[in-house]
Amino acid sequence: MNEQLDRLEYYKPSGTAPLAGAAAALAAGLAAGCVLAAVYAFVNHHDPLVYLNILLTCGFGIALGFIVSRCIKFFRIRSVSAACVIAGAVFAAAYYVHWFFYVGTVIVDFSGNFSSYDALSVFEIALSLIESPEDCFAIARDLNESGVWSINNIDVRGLFLAAIWLAEAGVLCFFTLKAPRKQAMEPYSEREGKWMDARSLPVKAAFIADEGEFKAALGREDYSALVPIKESETEGEGEAPPPSGYAEVTLHSDSCDAYISVQNVTVKLKRKKKDLSKKCVVQYAKLSLTAAAAISQALGGA
């Protein structure tokens, strides 16, 4: 089987990162990241709900990652390393800037009643702190010792608060890097000078039970396992549990090459609601245009 699996060819990014494009992507990401950081710091401090704070942090990271990934796509950066460096720089700059606005927000908030005019005061204080970053982080250390917020009337401070801030940075970093890295890995047509057309086939295929055999079959150019199933087969009727799941197929192609990605979707019924979990079976495996056309016809829904 190993010999059969070795026949599989996968798309590999060329590693190209145009200098001007990379610089432009970095500049655009930094500009957008700093603006979002100011908004995030202001809203995050005034949000009274811990769970909403967590969602806000995730949303901030996802927004940063989305912006950088759009820049990676627009400036045609096909280097995963370059994409991660750009995303990492945007994360670092945004998180650094966020501290000036966060400290400024706390200072204004502690100085009096919150009003609609506090945003301007925060902006002014943040600018002054940017000119003197050592003062900003000295205040941040004081805030860590005294605490900024509490849970059930218990002040969150010291090592516990530092751990929360560290976890916040980790979440932001993860989401900021995730989308740009994925974008840089997507198939790009060096021949035509553009990202390959991506098409998620609308008809679901049968669940791939034996992933190893499926990959071996792909190595033999055998795509018979991609059997279309009816939509009704993926939905439980009444109280009956749904089947194990199905497979989703995505094709990337240009005029000469085609690549296939397949992921299993496991369906579980929990309290009369469907719970879906996805697992990649194969990603960007090369196939012939003839095979791509046949799969597209079988699962294209036309």
**OP:** Specify which of the listed residues (Arg181, Arg191) is part of a loop (DSSP other than H, G, I, E, B), of a type outside the set (Gly, Ala, Ser), closer than 30 Å to Val85 by Cα and touching a residue at least 24 places away in the same chain (Cβ under 8 Å).
**Re:** Arg191
Original post:
Is at least one residue of region 219-231 closer than 30 Å to Ile72 by Cβ, at pLDDT below 95 and outside the structural domain of Ala28 (by TED's automatic domain parsing)?
Top reply: no
**OP:** Spot the failing condition for Ala83; the list is (1) within 17 Å of the chain's Cα centre (by Cα); (2) closer than 17 Å to Tyr40 by Cα, and only one is missed.
**Re:** (2)
**OP:** Filter region 202-224 down to residues that are touching a helix residue (DSSP H, G or I) at 6+ places or on another chain (Cβ under 8 Å), more than 16 Å from Arg7 (Cβ to Cβ) and assigned to a loop (DSSP other than H, G, I, E, B), then give me how many there are.
**Re:** 5
Subject >> Every residue from region 171-185 that is of a type outside the set (Val, Ile, Thr) and out of contact with any Pro (no Cβ under 8 Å at 6 or more places or on another chain) >> reply: Leu172, Cys173, Phe174, Phe175, Leu177, Lys178, Ala179, Pro180, Arg181, Lys182, Gln183
**OP:** Could you please let me know if Val103 is at pLDDT below 90 and crowded, with 17+ Cβ neighbours inside 10 Å?
**Re:** no
Subject >> Answer from Ala31, Ala83, Ala17, Ala38 - the residue that is out of contact with any Leu (no Cβ under 7 Å at 6 or more places or on another chain) and surrounded by fewer than 19 Cβ atoms within 10 Å (Cβ to Cβ) >> reply: Ala31
Subject >> Unique match (being assigned to a helix (DSSP H, G or I) and touching a His at 6+ places or on another chain (Cβ under 8 Å)) among Ala28, Ala23, Ala41 >> reply: Ala41
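The values are calculated or read from the model by the stated rules, or taken from the named source; none is laboratory data. Here the structure is a predicted model, which is why all the values come from computation and not from measurement. Quick reminder, even Gly has a Cβ in these numbers, built from the backbone with ideal geometry, and neighbours come from all protein chains shown.
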